[in-house]
1. Please state which one of 317, 277 is out of contact with any Cys (no Cβ under 6 Å at 6 or more places or on another chain), surrounded by 15 or more Cβ atoms within 10 Å (Cβ to Cβ) and at pLDDT 85 or above.
2. Would you tally the residues in the range 69-85 being over 29 Å from the mean Cα position of the chain (by Cα), in contact (Cβ under 8 Å) with a residue 24 or more places away in the chain and not in a strand (DSSP E or B)?
3. Looking at residue 253, is it modelled with pLDDT under 85 and either among the aromatic types (Phe, Trp, Tyr) or touching a Leu at 6+ places or on another chain (Cβ under 7 Å) (or both)?
4. Restricting the range 256-267 to residues that are surrounded by 15 or more Cβ atoms within 10 Å (Cβ to Cβ) and out of contact with any Asp or Glu (no Cβ under 7 Å at 6 or more places or on another chain), which is nearest to residue 162 (Cα to Cα)?
5. Restricting the search to the range 11-42, which residues are of a type in the set (S, T, N, Q) and either under 13 Å from residue 67 (Cα atoms) or assigned to a loop (DSSP other than H, G, I, E, B) (or both)?
6. Would you tally the residues in the range 542-572 being in a helix (DSSP H, G or I) and more than 19 Å from residue 483 (Cα to Cα)?
7. Would you pick out the residues in the range 96-120 that are more than 18 Å from residue 142 (Cβ to Cβ), at pLDDT 90 or above and open to solvent by 40 Å² or more (accessible area, probe 1.4 Å)?
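The values are calculated or read from the model by the stated rules, or taken from the named source; none is laboratory data. All of these numbers come straight from a predicted model, not from anything done at the bench. In this analysis, Cβ positions are derived from the backbone assuming ideal geometry, glycine residues included, and neighbour counts consider all displayed protein chains. Surface accessibility is based on the protein's heavy atoms, side chains included, excluding ligands, DNA and RNA. Shrake-Rupley method; radii C 1.70, N 1.55, O 1.52, S 1.80 Å.
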Amino acid sequence: LLQVSDQKPLGCWSVKHGQIITCPVVCNSETHEYIAVHDDKVLRIWKNKDINLDKVFKATLSADVYRIHSLSNGGPVVLFKGGGVRTLDVLLEAPQQEIENIISDEVIKWSEAFTEGQQPVLIFATEKDGDFFVYVQKLKMNSLHKYKLEQQELSKPLSFTAYIKNQIITLLCLYSNDAVYKVLIPLQQNTEEEEQILSKSLLLNLSVSGSVLKGTSFVVLDKDHIAVLGSLAASGEESKECLTIWNTKFQTLQISKELPLGTSGQLWCYEEKFFFTHGKVLTVIMYKCETSSLAAAVGKLKDSQTPDMSSFVNWNTLGDEELVVSFQSQQSVALKSESKMTLRSKRNAVAKVQPDTVSVGQLLLNLKDAPTTVFEDELRQLMSKAQMPDFQATIGCVITALINRCKTNPKYYPRNFLLQIVQTRDLSYSLCPDLMAVALEKKDVHLLQICLQRFPDIPEEITYACLKVFLSISEAYLQRVDVNLESVICYIDIEFNNKEVKTEIVENGFNAEREQDIWDTKITKETHLTADGEFCPVGPQKAALLNAVLHSAYSETFLLPHLKNLPAQQAVLFLRYLYYLYVKCSEKINTTLPGIRSPTINQIMDWMCLLLDAHFTVMVMLPEAKQLLSNLHKFVRAQVRFYSELNKIEGSLRELQRLNHQKDPHTYSIEVLELI
């Protein structure tokens with residue numbers, strides 16, 4: 001679960017090894033629950049607070065599920081591979097109820113659900129021996145109509161989409177002959193014919209100026225525009241994957257955007273935003289289709305020969321109504337359009353940019369070759385205009401200008417200037433993605449620490465790179481650099497020899513001597529004290545840097561592959577530090593470390609589990625890690641035993657609390673309670 005606007009991971013759930021999620025997960029908008037199906041028949045329902053899918057609601061169904069559709073009102077609808085349809089509420093009343101097989105040997109190729117007049121309507125297309133059929137089912141009326149698509153010579157449907165308006169379903173079909181056809185299906189049917197033939201009409205030919213688009217998927221934007229994802233190829237040239245916008249009214253290509261990293265062939269559209277994968281990332285593009293006109297269509301046709309970057313948006317978290325548009329000059333200009341990007345030509349886009357913002361881009365361009373002193377003074381003056389429009393976008397432009405100068409002049413690195421900007425402005429990684437890369441190259445650990453603390457959307461690859469740098473830098477070097485120690489200063493006391501001052505330890509349920517007696521360990525007391533986390537294995541500077549990493553947001557799925565590349569010695573050192581923090585947290589009744597931005601017990605445990613998952617086999621083989629793993633195992637085992645004992649008296653404690661509430665608080669008494 002990702003918050004796309006700032007690339008923030010909100011949750012991650014996994015099925016067991018060997019299980020396979022067999023249809024897209026949906027969210028029930030009424031209950032805010034997630035619904036998934038794995039291994040075709042096993043239904044899982046959970047909420048955000050749930051962590052383990054094994055412990056959430058589970059129901060095994062009697063038939064294989066094809067797709068679950070979530071409607072804004074009316075609840076989710078479940079379509080089975082045999083063509084049977086049930087609402088989720090009806091299905092959960094009796095999960096093993098028999099599901100009818102309607103389509104016999106046909107295979108479902110596509111489905112969609114709508115709400116028309118408070119009534120859920122499901123439409124799905126099937127295929128059998130080259131023939132294609134369309135089924136329309138109205139759930140409340142329990143009516144089902146079957147249609148057969150009119151055959152097309154030497155071509156077949158590749159993709160479908162549909163919408164409902166005025167009791168008429170408009171079904172659009174993308175065929176293998178590079179054309180889109182339209183089929184009209186009236187929702188009100190009086191006849192009960194077994195199978196009607198649906199005639200189709202040509203809506204659009206996907207060709208322009210000798211180039212043909214081999215589409216893989218498409219979506220409807222409005223009554224006059226569709227978006228098609230596919231490969232655009234001219235005669236004699238290599239095909240290139242691209243996203244295209246077509247005007248169906250005037251049969252023109254409005255705009256195309258090349259996607260050199262490739263896509264999965266899938267395109268989604270939701271609330272005037274495109275969603276598609278580009279390489280290994282999910283790309284989100286905001287758009288707005290204005291009223292179609294012949295002048296705009298013809299003008300656009302000329303521009304479509306050379307795809308224009310300015311018509312597409314890099315979605316950054318700038319504010320409620322701020323977007324950044326990347327121009328080919330690599331300068332950034334902010335555009336206000338009520339959080340929507342109009343699909344117009346470059347000249348129209350530039351015309352809508354605020355005058356002050358255009359002057360920012362021009363100013364940065366003029367300062368490109370200016371002397372360093374003049375360059376920085378002008379940028380500071382630019383930042384001082386706090387009331388100017390699109391201020392946050394301007395800060396992003398300033399950082400980009402500084403980073404570009406760092407790249408062209410390796411000797412130039414305005415460390416203090418960058419620190420000042422990051423510490424005083426609410427920025428994000430996506431607003432200045434090259435900043436942390438340059439800081440990593442320069443090993444500017446203080447700037448990296450501040451970025452980790454303040455940026456909400458740092459990619460896992462960069463988080464891992466910071467961790468690796470922090471672990472590899474020597475303690476002697478770190479003592480010479482400026483690092484913020486506020487997260488460690490309250491729980492790490494340093495003597496002149498850099499050893500922690502031993503304080504009184506009252507661990508939750510753990511007594512080292514008792515554990516040694518019970519399990520008859522042969523470890524000397526001196527070794528036990530050092531290895532058992534009483535002494536911090538790293539200096540305060542490195543500890544503060546590692547704490548910044550622990551605070552950064554991440555997705556386990558994306559971080560784990562990078563974490564497996566961490567060198568073994570660094571992994572052991574990091575685990576020793578995490579174990580030290582774990583013991584420190586356990587000294588406190590509330591398991592909370594003192595200080596500002598100190599790691600929480602949950603963050604420590606999550607990172608320990610991640611590190612062990614990534615390196616367990618290596619650590620088992622390393623002699624220096626053997627004792628650490630043994631002590632960690634004993635400590636966790638002791639805490640489990642302690643909490644198990646607490647659970648045994650939980651009932652008595654609850655009863656005691658209930659009795660205290662019944663007593664008169666003003667009456668003095670001495671009472672002896674025996675806990676059995």
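1. On the way: 317 fails: at pLDDT 85 or above.
None of the other options fit; the residue is 277.
2. Matching residues across the range 69-85 total 2.
3. On the way: modelled with pLDDT under 85: no; either among the aromatic types (Phe, Trp, Tyr) or touching a Leu at 6+ places or on another chain (Cβ under 7 Å) (or both): yes.
Criteria not met by residue 253.
4. The initial filter retains those residues of the range 256-267 that are surrounded by 15 or more Cβ atoms within 10 Å (Cβ to Cβ), namely 256-257, 259, 263, 265, 267.
After this cut, where a residue has to be out of contact with any Asp or Glu (no Cβ under 7 Å at 6 or more places or on another chain) as well, the list is 256-257, 265, 267.
Numbers: 256: 23, 257: 24, 265: 18, 267: 14 Å.
Looking at the filtered set, the residue picked out is 267.
5. Here is the first cut: in the range 11-42, the ones of a type in the set (S, T, N, Q) are 14, 19, 22, 28-29, 31.
Residues satisfying the conditions are 14, 19, 22, 29, 31.
6. Of all residues in the range 542-572, those in a helix (DSSP H, G or I) come to 542-551, 556-563, 568-572.
Retained after the next criterion (residues that are more than 19 Å from residue 483 (Cα to Cα)): 556-563, 568-572.
Total satisfying the criteria: 13.
7. If the condition is that a residue be more than 18 Å from residue 142 (Cβ to Cβ), at pLDDT 90 or above and open to solvent by 40 Å² or more (accessible area, probe 1.4 Å), then 96, 107, 109, 112 are the ones that fit.
Per-residue answers, yes or no, for (1) among the polar types (S, T, N, Q); (2) free of Cβ contacts under 8 Å to residues at least 24 places away in the same chain:
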position	(1), (2)
568	no, no
578	no, no
602	yes, yes
623	no, yes
635	no, no
641	no, no
652	yes, no
